[in-house]
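The values are calculated or read from the model by the stated rules, or taken from the named source; none is laboratory data. Everything numeric here is computed off the predicted structure, so don't read it as measured data. Neighbour counts run over all protein chains shown; Cβ positions are idealised from the backbone, glycine included.
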Amino acid sequence: MPGLIRSAPLRNIAVLSLVAMLAACGGGVKYRPVSDVPVRIGPPYKVRGVTYTPAAQPGYDMLGYATWYGSESGNQVANGERFRPGWITAAHKTLPLPAYVEVTSLDTGRRIIVRINDRGPYGESARIIDLSRGAAEELGIRTQGKAAVRVRAIEPDEKDRAALRKGKTARSLAPVPARTLSNLQEQFARGVGTR
């Protein structure tokens, strides 16, 4: 019995040492540097029996729901970068990685520029974008969990791209005019998903 008592602390020390070494080396995951090149479209892929076909979509303009995610800190996103919940990023099923979109809250008309670097959301078809926690906070929808939005592909200037690549926000955008917002809300209520 005395041997068992002495070996248990040694095993605990060995296990803790191994955990510390793995944590120090990042568990072997090699993250891609945050960059806009190369832009990757990727082949069709299947999730839960549904096939998604990524494509260049410069005219993408869709109404639907945004949700947000933020507990996956440090995980690798679809384009190989490290997920940082406070950054202004998002997941989309088919846009190129990375891509830039303007996301508009249909409740308030508030607009932000977001960098797409991950795939999702899956499940409910009306969910068209999964925002990072930082993007949801910036858009003012974090407490809602799910919110009606417009997502439109854009080509922001290099200053905005550089800010988003460094985890900062892009320039502030003025809210959409009241008449435009009313029109978008009516389209959403009718179930129209594209413009």
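Would you pick out the residues in the range 87-142 that are touching a residue at least 40 places away in the same chain (Cβ under 8 Å) and acidic (Asp, Glu)? Once the filter is applied, which keeps residues that are touching a residue at least 40 places away in the same chain (Cβ under 8 Å) and acidic (Asp, Glu), the range 87-142 yields GLU102, ASP107, ASP118, GLU124, ASP130, GLU138.
Note on the range 122-158: residues that are under 14 Å from VAL101 (Cβ atoms) and not hydrophobic (A, V, I, L, M, F, W, C) amount to 7. Checked against (1) under 17 Å from the mean Cα position of the chain (by Cα); (2) among the charged types (D, E, K, R); (3) modelled with pLDDT of 95 or more, LYS159 meets all criteria but (1).
Inside the range 33-67, residues that are basic (Lys, Arg) and without any contact (Cβ under 8 Å) to a residue 60 or more places away in the chain make up a count of 2. Total residues in the range 64-77 satisfying the condition of being touching a strand residue (DSSP E or B) at 6+ places or on another chain (Cβ under 8 Å) and either over 16 Å from VAL114 (Cα atoms) or not aliphatic (A, V, I, L, M) (or both): the figure is 9. For first residues located in the range 168-191 and under 30 Å from PRO85 (Cα atoms), partners that are at pLDDT below 95 and surrounded by 12 or more Cβ atoms within 10 Å (Cβ to Cβ) and lie 6+ apart or on another chain with Cβ distances below 9 Å form the pairs LEU184/ARG195. Selection of the range 33-84 for residues being among the hydrophobic types (A, V, I, L, M, F, W, C), more than 18 Å from GLU155 (Cβ to Cβ) and not in a loop (DSSP other than H, G, I, E, B) yields VAL47, VAL50, LEU63, ALA66, TRP68.
To keep it simple, each residue is scored yes or no on (1) of a type in the set (Gly, Ala, Ser); (2) modelled with pLDDT under 95; (3) closer than 27 Å to ARG115 by Cα; (4) surrounded by 10 or more Cβ atoms within 10 Å (Cβ to Cβ).
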position: LEU4; (1), (2), (3), (4): no, yes, no, no
position: LEU18; (1), (2), (3), (4): no, yes, no, yes
position: LEU22; (1), (2), (3), (4): no, yes, no, yes
position: CYS25; (1), (2), (3), (4): no, yes, no, no
position: LYS30; (1), (2), (3), (4): no, yes, yes, no
position: TYR52; (1), (2), (3), (4): no, no, yes, yes
